[in-house]
Amino acid sequence: MIFYFSGVGNSAWVARKLATMLNDRVVSIAEAIRTDMVYTPVEGERVGFVFPVYGWEPPKIVMDFVRRMKMPKPAYLYFVCTCGDDTGKTADVFMSALSAKGWKCHASYSILMPDTYVCLPGFDIDDEDELKRKNDNAAARVNFISEELSRKVVMDKHGCFEGAFPKIKTYVLGGLFRKFLMSPKPFHATDACVSCGLCEQRCPVHNIKVEGKPQWGADCTMCLACYHVCPQHAIQYGSRTKNKGQYKGI
């Protein structure tokens with residue numbers, strides 16, 4: 001059983017690839033969190049979580065899901081996080097949430113995937129060469145992870161790439177990200193919008209309604225799926241995304 005959250009699609013791709021290789025089932029966290037969230041794995045079943053790193057920590061929706069879900073202690077539990085560069089202390093934050101439920105994390109991994117965050121100066125999508133390199137490496141990394149999970153490898157320490165100054169990134173910059181960069185208010189559609197509705201369809205938390213032009217509600221994960229999926233490049237985040245690229249997925 002693989003629980004996943006994905007905005008632009010990278011983590012969904014990983015979850016589905018692993019599910020195919022391991023003959024597992026997938027559950028969308030964005031949909032499951034709207035239900036009673038009661039799960040009973042079959043005896044010995046692997047339980048995995050796959051999610052992107054936002055601001056060097058797990059997305060809030062993933063943390064909320066773990067805290068609220070009801071499930072017996074898994075016999076084998078792992079997680080995989082996708083990131084554009086590094087993870088900071090994402091592993092520590094997520095494993096603390098697992099420990100609070102009395103669950104043990106047996107294995108953890110990070111996968112470097114294409115950059116999708118474009119809402120700050122200096123942040124943009126990868127160029128074509130870097131995009132291909134990351135996608136090729138991600139495919140190889142998923143193969144490696146699936147082989148380890150098939151053997152139910154137990155790690156002494158997590159397998160996530162923290163990068164430089166991980167504590168500062170997660171516990172200082174991550175806090176600033178949550179406080180100042182999570183608001184959907186700067187989102188708007190320019191006159192290039194044709195009201196196609198793709199942004200509404202792709203929003204994983206159903207936070208967008210297209211009535212003429214799209215309108216954003218308060219329940220935003222800042223996944224940027226709406227920005228990247230827009231065929232007219234009409235969705236912008238204030239003035240910060242002007243002339244930035246769009247990621248079309250792996």
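The values are calculated or read from the model by the stated rules, or taken from the named source; none is laboratory data. These numbers were taken from a predicted model, which means no experiment stands behind them. A quick note on method: Cβ atoms are made from the backbone with ideal geometry, for glycine too, and the neighbour counts reach across all protein chains shown.
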Item to check | Single unsatisfied condition, Gly174 versus (1) surrounded by fewer than 20 Cβ atoms within 10 Å (Cβ to Cβ); (2) small (Gly, Ala, Ser); (3) at pLDDT below 95; (4) in contact with a Gly (Cβ under 9 Å, 6 or more places away or on another chain) | outcome: (1)
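Residues checked against (1) within 17 Å of the chain's Cα centre (by Cα); (2) assigned to a strand (DSSP E or B); (3) surrounded by 17 or more Cβ atoms within 10 Å (Cβ to Cβ):
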| residue | (1), (2), (3) |
| --- | --- |
| Phe3 | yes, yes, yes |
| Ala15 | yes, no, yes |
| Met21 | no, no, no |
| Thr35 | no, no, no |
| Val42 | no, no, no |
| Val62 | yes, no, yes |
| Gly88 | yes, no, yes |
| Ile111 | yes, yes, yes |
Checklist entry - Residues in the stretch 214-232: is at least one more than 23 Å from Ile125 (Cβ to Cβ), in contact with a strand residue (DSSP E or B) (Cβ under 7 Å, 6 or more places away or on another chain) and surrounded by 15 or more Cβ atoms within 10 Å (Cβ to Cβ)? => result yes
Checklist entry - Any idea which residue in the stretch 187-213 is nearest to Tyr54 (Cα to Cα), counting only those that are surrounded by fewer than 17 Cβ atoms within 10 Å (Cβ to Cβ) and within 21 Å of the chain's Cα centre (by Cα)? => result His206
Checklist entry - Do you know which residues across the stretch 224-245 are aliphatic (A, V, I, L, M) and in a loop (DSSP other than H, G, I, E, B)? => result Leu224, Ala234
Checklist entry - Can you name the number of the only condition in (1) part of a helix (DSSP H, G or I); (2) small (Gly, Ala, Ser); (3) farther than 13 Å from Lys89 by Cβ that Ser183 fails? => result (1)
